[in-house]
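**Student:** Have a look at the structure that comes next, please.
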Amino acid sequence: MPPASPAAAAAHFRASLAFHADVSDVAGVLAAGGDPGFVVLDSRSAASWDQGHVPGAVHLPTALIPEQAERLLDKSVPVITYCWGPGCNGATRAALALAELGFQVKEMLGGFEYWVREGFEFETWQGRERPAADPLTAPVDAEDCGC
């Protein structure tokens, strides 16, 4: 199978950036303080939320989006969804449900798994935790990976 033409590839990757957000980029904007210009939505179950979640995220399991999203979210504010990780399509299903209701939405690549693996702070019912970064997912001795 030959690769796509450069123009087709550029269109595809440009579109991908409109639909996806990187864990590091989301964390960087949230860490800067102030209004990030988006809301982060955890689409997992209550038990998963209790195990740990992104600080400041809204908890709305995918199955409840049709009945609760318009009450909990503002359609003028973009939403970034996440679920467990790259092996789970829950954030994709949540993003689809929100888009079908008229919300602007992106999916956070890597989900909660990569949030934790990249060493970003997360919350549980016991408080906040900040794990060490996994050297296979984040630079150990640098602020960013250069990508």
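The values are calculated or read from the model by the stated rules, or taken from the named source; none is laboratory data. The structure presented is a predicted model; accordingly, all values stated were derived computationally and were not measured. Don't worry about glycine lacking a Cβ; one is built from the backbone with ideal geometry, like all the others, and counts go over all protein chains shown. The accessibility values were calculated without ligands, DNA or RNA, using every heavy atom of the protein model including side chains. Shrake-Rupley method; radii C 1.70, N 1.55, O 1.52, S 1.80 Å.
**Student:** Could you tell me how far the Cα centroid of the stretch 37-57 sits from the Cα centroid of the stretch 128-142, in Å?
**Tutor:** After rounding, the separation between the Cα centres reads 20 Å.
**Student:** In whole percent, what relative contact order does the chain give with Cα contacts below 8 Å and a gap of six or more residues?
**Tutor:** 23 percent
**Student:** Using a 1.4 Å probe over the heavy atoms of the protein chains, calculate the carbon and sulfur portion of the accessible area of the stretch 1-134 as a whole percent.
**Tutor:** Percent of accessible area from carbon and sulfur atoms in the stretch 1-134: 58.
**Student:** Here's something else I'd like to know. Taking the Cα centre as origin and putting +1 on Lys and Arg beta-carbons and -1 on Asp and Glu beta-carbons, what dipole magnitude results for the chain, to the nearest 20 debye?
**Tutor:** About 400 debye.
**Student:** Also, quick follow-up: Have a look at ALA7, LEU30, THR81 and report the one farthest towards the positive end of the charge dipole of the stretch 1-146, computed about the Cα centre with Cβ charges (Lys/Arg +1, Asp/Glu -1).
**Tutor:** Among ALA7, LEU30, THR81, the one farthest towards the positive end of the dipole of the stretch 1-146 is ALA7.
**Student:** How would you order 41-47, 24-30 from highest to lowest mean count of nearby Cβ atoms within 10 Å?
**Tutor:** Those peptides, ordered most packed to least, come out 41-47, 24-30.
**Student:** Something else: Output the DSSP H helices from the chain with an along-axis C-alpha extent of no less than 18 Å and a mean Kyte-Doolittle hydropathy no less than 1.0.
**Tutor:** Qualifying helices, which must be both long enough and hydrophobic enough, do not occur.
**Student:** Which distance in nm do the two modelled labels at VAL140 and ALA63 give, with both placed 7 Å along the Cα-to-Cβ direction?
**Tutor:** About 4.2 nm separates the two model spin labels.
**Student:** Probe of 1.4 angstrom, ligands and nucleic acids ignored: what's the accessible area per residue over the stretch 26-139, in square angstrom?
**Tutor:** 51 Å²
**Student:** What's the ranking of 128-134, 12-18 by average number of surrounding C-beta atoms within 10 Å, highest first?
**Tutor:** 128-134, 12-18
**Student:** Based on DSSP, what percent of beta bridges with both residues in the chain are antiparallel, to the nearest 5?
**Tutor:** Counting only bridges with both partners in the chain, antiparallel ones make up about 25 percent.
**Student:** Using Rg and Dmax of the Cα atoms in Å as the read-out, say which of (i) 14.3, 40; (ii) 16.0, 52; (iii) 14.0, 43 was calculated from these coordinates.
**Tutor:** Derived directly from the coordinates: (ii).
**Student:** For the stretch 78-86, just list the computed ³J(HN,Hα) in residue order, Karplus coefficients 6.51, -1.76 and 1.60, θ = phi - 60°, integers in Hz, with x standing in for Gly and Pro.
**Tutor:** Result, ordered by residue: x, 10, 10, 8, 8, 10, 5, x, x Hz.
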